[in-house]
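Structure first, commentary second.
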Amino acid sequence: AVAERHGRLDLLVNNAGTGAPAGAVDEISPEGWQSIVAVNLTGSYLCAHHAVRMMKAQDPQGGRIINNGSISAVSPRPRSVGYTATKHAITGLTKSISLDGRRYNIACGQIDIGNAATEMTQQIAAGAPQADGSVLPEPTFDPRHAAEAVRYMAELPLDTNVQFMTIMATTMPFIGRG
């Protein structure tokens, strides 16, 4: 549909993410695990698969892919094995696309967003499980800043890439988590 309507594809932003069901590795059923993998990893793979094919075939060749890895791509939260594992896998997907896309003028980078104030993070602002077992409110930030960061990455010329960017509330318990 993109090819028919626009003739080319210059940007893909992979922003899929579900953490449901939450739990430790022994608490999530194989079906729950597969549902998280299907959305977070397979969904991003499928979109990138088709985008790269288009970007290779178009004239001039190239384009940009931005994957949302989430802050959990670097540091997990308690009881988030499915979400964390798939977001770590997004880092591998980003690196592989970045490497394989070079010769086709395809740039691929990753943004890791932590605690943007959205419906999904309302519970985090009220109280999120910490590694020590406590539940503490965590600071959030205006999601417009995350959108501006993605826009910055998207507007770079294809000979320049932000490979990885982390954006979060300054006082979010990320540095030193654990």
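The values are calculated or read from the model by the stated rules, or taken from the named source; none is laboratory data. Here the structure is a predicted model, which is why all the values come from computation and not from measurement. Cβ atoms come from the backbone with ideal geometry, glycine included; neighbour counts cover every protein chain shown.
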Restricted to segment 57-88, and to residues that are more than 24 Å from residue 168 (Cβ to Cβ) and free of Cβ contacts under 8 Å to residues at least 40 places away in the same chain, which residue is surrounded by the most Cβ atoms within 10 Å (Cβ to Cβ)?
-> 57
Within segment 7-20, residues surrounded by fewer than 18 Cβ atoms within 10 Å (Cβ to Cβ) and not in a loop (DSSP other than H, G, I, E, B) come out as 11, 13
Among the candidates 140, 171, which residue alone is surrounded by fewer than 16 Cβ atoms within 10 Å (Cβ to Cβ) and either of a type in the set (Val, Ile, Thr) or at pLDDT below 95 (or both)?
-> 171
Restrict the check to segment 119-132 and report whether at least one residue is assigned to a loop (DSSP other than H, G, I, E, B), among the hydrophobic types (A, V, I, L, M, F, W, C), free of Cβ contacts under 8 Å to residues at least 40 places away in the same chain and over 21 Å from residue 14 (Cα atoms).
-> no
Is it the case that residue 60 is farther than 26 Å from residue 128 by Cβ and part of a loop (DSSP other than H, G, I, E, B)?
-> yes
Among the residues of segment 21-56, write down those that are surrounded by fewer than 18 Cβ atoms within 10 Å (Cβ to Cβ), under 25 Å from residue 76 (Cα atoms), in contact with a helix residue (DSSP H, G or I) (Cβ under 6 Å, 6 or more places away or on another chain) and not aliphatic (A, V, I, L, M).
-> 21, 33
Considering residues of segment 146-177 that are touching a Lys or Arg at 6+ places or on another chain (Cβ under 8 Å) and assigned to a helix (DSSP H, G or I) only, the residue nearest to residue 13 (Cα to Cα) = 154
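Can residue 113 be described as in contact with a Cys (Cβ under 7 Å, 6 or more places away or on another chain), on the phi < 0 side of the Ramachandran plot and either surrounded by fewer than 12 Cβ atoms within 10 Å (Cβ to Cβ) or among the hydrophobic types (A, V, I, L, M, F, W, C) (or both)?
Details: in contact with a Cys (Cβ under 7 Å, 6 or more places away or on another chain): no; on the phi < 0 side of the Ramachandran plot: yes; either surrounded by fewer than 12 Cβ atoms within 10 Å (Cβ to Cβ) or among the hydrophobic types (A, V, I, L, M, F, W, C) (or both): yes.
So residue 113 fails the test.
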